[in-house]
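K.L.:
Submitted below is the structure of interest, expressed as structure tokens.
The values are calculated or read from the model by the stated rules, or taken from the named source; none is laboratory data. Every value quoted in this text rests on a predicted model; they were computed, and no experiment measured them. Using ideal geometry, Cβ is built from the backbone for each residue, glycine included, and neighbour counts are taken over all protein chains shown. What goes into the accessible areas is simple: the full protein's heavy atoms, side chains included, and nothing from ligands, DNA or RNA. Shrake-Rupley method; radii C 1.70, N 1.55, O 1.52, S 1.80 Å.
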Amino acid sequence: MHPSPLIGRLIVITGPSGVGKGTLVKRLLSRHREIWLSVSATTRMPRQGEIEGQHYFFIRRDRFKELVDEVGFLEWAEFAGNCYGTPSKEVQKKLLSGRSVLLEIELEGARQVRKTFPEALQIFLAPPSFSELEKRIRGRATDSEAAIQRRLLRAKEELKAQNEFDAVVINDDLDKALEDLEGKIGLSS
Ligand code: ADP
Ligand code: 5GP
């Protein structure tokens, strides 16, 4: 795909598990309906309340590998024992129609997108402190202790990479973080 003046903007949001990406993105989308959030495929089991095709496409690992070859992923990565990926087709369609597209993905995926879409805006969402991050992951109460430990370990690596991003938003107070995010994307609040 080649950049063209008619093409929509690609925005990437990355940040450690539990920092509040999902919460903030939901708020952002409810205020800016012109932005389309890509639905990823994952081999993770659905959490309570998660809906197939809305939160993720939940698929088995063997199917995930097949899809990587068959349909093509914009990027994909392993995270805390599961595969996650962005199916290309719908993203390309939306961008070509001039729509802004948001990817909420982890660090390795963001690095891949940086190579294929250097023009994408990459934002890192950081917690006010590591202890607050741990509190949020535990407070969400959706993951096993082993999964929490894997996510916290990975979070340390992700936090070290925040300088690679075009902008960092700290999610301390949610309203302020939303305002900051809107400013960095160039949206009026
Ligand atoms: P992520 O999508 O990054 O894994 P979530 O959006 O699931 O994170 O948020 C993790 C937990 O933190 C949730 O329980 C959410 O309600 C809470 N949370 C999100 N943002 C804030 C904030 N600014 N202050 C306090 N708690 C927050
Ligand atoms: P969760 O299991 O908490 O929903 O997501 C775990 C991590 O995977 C989060 O950091 C989330 O942003 C990331 N993620 C979700 N979808 C994708 C994707 O399509 N590609 C990549 N690389 N990461 C993703």
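K.L.:
In whole Å, what are the extents of region 10-185 along the principal axes defined by its C-alpha atoms, from largest to smallest?
P.N.:
Between the extreme Cα coordinates on each principal axis of region 10-185 lie 42, 37, 30 Å.
K.L.:
Please report the net charge: other residues with Cβ closer than 12 Å to the Cβ of Glu158, K and R +1, D and E -1.
P.N.:
+2
K.L.:
Within 10 Å, count the other beta carbons around each residue, average over each peptide in 62-75, 12-25, and list them highest first.
P.N.:
12-25, 62-75
K.L.:
So, for the chain, what is the accessible surface per residue at a probe of 1.4 Å, expressed in square angstrom?
P.N.:
53
K.L.:
From the backbone phi of region 113-126, what are the Karplus-calculated ³J(HN,Hα) couplings (6.51 cos²θ - 1.76 cosθ + 1.60, θ = phi - 60°) in whole Hz, Gly and Pro given as x?
P.N.:
5, 4, 7, 7, 10, x, 7, 5, 8, 10, 10, 9, 9, 10
K.L.:
Holding the Cα-Cα limit at 27 Å, pick out from Lys65/Lys160; Lys65/Lys135; Lys21/Lys156; Lys26/Lys65 the pairs that are longer than that.
P.N.:
Listed pairs above 27 Å: Lys65/Lys160; Lys65/Lys135; Lys26/Lys65.
K.L.:
Amide H of Glu75: which non-local residues (sequence gap of 5 or more, or other chain) have their own amide H closer than 5 Å, using H built in the peptide plane?
P.N.:
Under 5 Å from the amide H of Glu75: Thr86.
K.L.:
Need one number: % antiparallel among DSSP beta bridges in region 10-185, to the nearest 5.
P.N.:
Given both bridge residues lie in region 10-185, the antiparallel proportion sits at roughly 30 percent.
K.L.:
If each of Ala167 and Lys89 carries a label point 7 Å out from its Cα toward its Cβ, how far apart are those two points in nm?
P.N.:
Roughly 3.3 nm, to one decimal.
K.L.:
What list of ³J(HN,Hα) values in whole Hz, one per residue of region 140-154 in order, does the Karplus curve 6.51 cos²θ - 1.76 cosθ + 1.60 (θ = phi - 60°) give from phi, with Gly and Pro shown as x?
P.N.:
Those phi angles translate into 5, 6, 10, 10, 6, 4, 5, 5, 4, 4, 4, 5, 5, 4, 5 Hz.
K.L.:
About the Cα centre of the chain, what is the dipole size in debye to 20, counting +1 per Lys and Arg Cβ and -1 per Asp and Glu Cβ, all else neutral?
P.N.:
240
K.L.:
Explain nothing, just the number: relative contact order of region 10-185, from Cα pairs under 8 Å at least 6 residues apart, as a whole percent.
P.N.:
It comes to 33 percent, rounded to a whole number.
K.L.:
Just to check I understand the Karplus step: with θ = phi - 60° and J = 6.51 cos²θ - 1.76 cosθ + 1.60, what whole-Hz values come out for region 11-20, glycine and proline as x?
P.N.:
Once rounded to whole Hz, the list reads 10, 10, 10, 10, x, x, 3, x, 6, x.
K.L.:
If amide H atoms are built 1.01 Å from N in the plane of the peptide, which residues on other chains or at least 5 residues away come under 5 Å of the amide H of Val169?
P.N.:
For Val169, the qualifying residues are Phe124, Leu125, Ala126.
K.L.:
What shape does region 19-115 take by its C-alpha gyration tensor, where a ≥ b ≥ c are the square roots of the eigenvalues and a/c under 1.5 counts as rounded, a/b above b/c as prolate, and the rest as oblate?
P.N.:
oblate
K.L.:
Can you pull out the GluC sites (Glu not before Pro) in region 76-132 that DSSP calls coil and that have at most 10 other Cβ atoms within 10 Å?
P.N.:
Glu119
K.L.:
Right, something else. Only helical DSSP H runs with n ≥ 4 go in: add -39500 (n - 2.57) per run for the chain, normalise by residue count and round the 222 nm mean residue ellipticity to 500 deg cm²/dmol.
P.N.:
About -13000 deg cm²/dmol.
K.L.:
Determine the share of region 10-185's accessible area contributed by carbon and sulfur atoms, expressed in whole percent, with a 1.4 angstrom probe.
P.N.:
Carbon plus sulfur share of accessible area: 51 percent.
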